[in-house]
Amino acid sequence: QVQFVESGGGLVQPGGSLRLSCVASGMNFKFYIMGWYRQAPGKQRELVAAITSSGNTNYADSVKGRFTISRDNAKNTMYLQMNSLKPEDTAVYYCKATNLGSWGQGTQVTVSS
């Protein structure tokens, strides 16, 4: 069974940083495009960043220059380094492989003073 477990969220002040982790299981991780998504209250889930099996990345315009996605295929783990956080980054963050598996529980990120 494919599973994604997110961690690393929390409460941070504007301008702060957080690093999210996503551990995948039940799949051949290294072959899949992986993505970080987020859903803010009252809004649709949106793609924040994605990374291919070879490490090519793309980002939503709203996070370019602030967030960095990376992966460690040996550990079946993906990361999202989030810097210069803004209140509008507040959301539940999820990870998932493209066209595989179901959504996990997510990890809450709250940016507030």
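The values are calculated or read from the model by the stated rules, or taken from the named source; none is laboratory data. Every value quoted in this text rests on a predicted model; they were computed, and no experiment measured them. No Cβ is skipped: glycine too gets one built from the backbone with ideal geometry, and neighbour counts run over all protein chains shown. Keep in mind that these areas ignore ligands, DNA and RNA; they rest on the heavy atoms of the full protein, side chains included. Shrake-Rupley method; radii C 1.70, N 1.55, O 1.52, S 1.80 Å.
Taking the charge dipole of the chain about its Cα centre, with +1 at Lys and Arg Cβ atoms and -1 at Asp and Glu Cβ atoms, the residue from VAL109, ALA50, SER7 reaching farthest to the positive side is ALA50.
Per atom type, the chain shows carbon and sulfur on 45% of its accessible surface, probed at 1.4 Å.
Amide H contacts under 5 Å for GLY10: VAL109, THR110, restricted to partners 5 or more places along the chain or on a different chain, H placed in the peptide plane at 1.01 Å from N.
Where the alpha-carbon atoms of region 1-62 are placed on the principal axes, they occupy 36, 24, 24 Å, in descending order.
For region 27-72, what D do you get in µm² per second when you plug the Kirkwood radius from alpha-carbon pairs into Stokes-Einstein at 25 °C and 0.890 mPa s?
213
Put a plus charge on the Cβ of each Lys and Arg, a minus charge on the Cβ of each Asp and Glu, and nothing anywhere else: the dipole of region 11-85 about its Cα centre is then about 60 debye. Shape analysis of region 54-113 based on the Cα gyration tensor places the equivalent ellipsoid semi-axes at 21, 15, 11 Å, largest first. Taken one residue at a time, the phi angles of region 102-110 give Karplus couplings (6.51, -1.76, 1.60, θ = phi - 60°) of 10, 6, x, 6, x, 9, 7, 10, 10 Hz. Gly and Pro are set to x.
Only residues of region 63-91 count here: report those whose backbone N is under 13 Å from the spot 7 Å along Cα→Cβ of SER7, or say none. Those under the cut-off are 77-78.
For region 27-36, the Karplus equation 6.51 cos²θ - 1.76 cosθ + 1.60, evaluated at θ = phi - 60°, returns couplings of 8, 8, 3, 5, 8, 10, 6, 10, x, 9 Hz by residue, with Gly and Pro reported as x.
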